[in-house]
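The values are calculated or read from the model by the stated rules, or taken from the named source; none is laboratory data. What you see is a predicted model, and the numbers here were worked out from it, not measured in a lab. We place every Cβ from the backbone using ideal geometry, glycine too, and count neighbours over all the protein chains shown.
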Amino acid sequence: MTTPMSPEDVLPDALLERIRGRAAGYDRDNAFFHEDLAELAAAGYLKIFVPASDGGLGLGLFIAKTLLERSGATVTFSNQPSPRSGAVIQIAWPRSAFELPQGTFDWPGARGRRANTV
């Protein structure tokens with residue numbers, strides 16, 4: 001029997017701090033966030049919906065939604081309008097979640113903590 005994972009196991013505060021710390025540089029340089037994506041993959045964050053039998057974490061929708069919300073995202077679910085059919089899942093992050101003043105961590109995913117600053 002495995003121990004259930006918490007959102008903090010997959011998306012710890014230290015990872016969120018590193019990603020946030022690089023955001024301004026990616027924006028300034030108009031660069032793709034390769035380093036962030038690699039860290040998210042290494043943490044297992046990109047496998048949250050993949051069944052364990054296929055190499056993913058096999059987490060349920062509620063836990064996946066919680067992880068996304070912990071990163072500052074809003075997750076909405078709806079149905080396709082007629083005549084189409086199927087589910088629509090929209091995930092959006094406010095730009096402000098990545099543009100806070102240096103050293104401030106008061107966005108939803110940070111639980112009101114402040115970053116260490118030099």
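Details
- The stretch 1-15 - residue that is within 17 Å of residue 47 (Cα to Cα) and not in a loop (DSSP other than H, G, I, E, B) and, of those, modelled with the highest pLDDT: 15
- Considered as a group, the residues in the stretch 40-65 that are closer than 25 Å to residue 18 by Cα and among the small types (Gly, Ala, Ser) include one that is modelled with the lowest pLDDT, and that residue is 56.
- Screening residue 68 against (1) of a type outside the set (Phe, Trp, Tyr); (2) surrounded by 12 or more Cβ atoms within 10 Å (Cβ to Cβ); (3) more than 15 Å from residue 19 (Cβ to Cβ); (4) modelled with pLDDT of 80 or more leaves a single unmet condition, (3).
- Conditions (1) part of a helix (DSSP H, G or I); (2) β-branched (Val, Ile, Thr); (3) at pLDDT below 85; number of the one not met by residue 19: (3)
- Figure legend. Inter-residue proximity from the stretch 70-92: first residues on the phi < 0 side of the Ramachandran plot, second residues acidic (Asp, Glu), beta-carbon distance below 8 Å, spacing 6+ or different chains. Indicated pairs: 70/8; 75/69.
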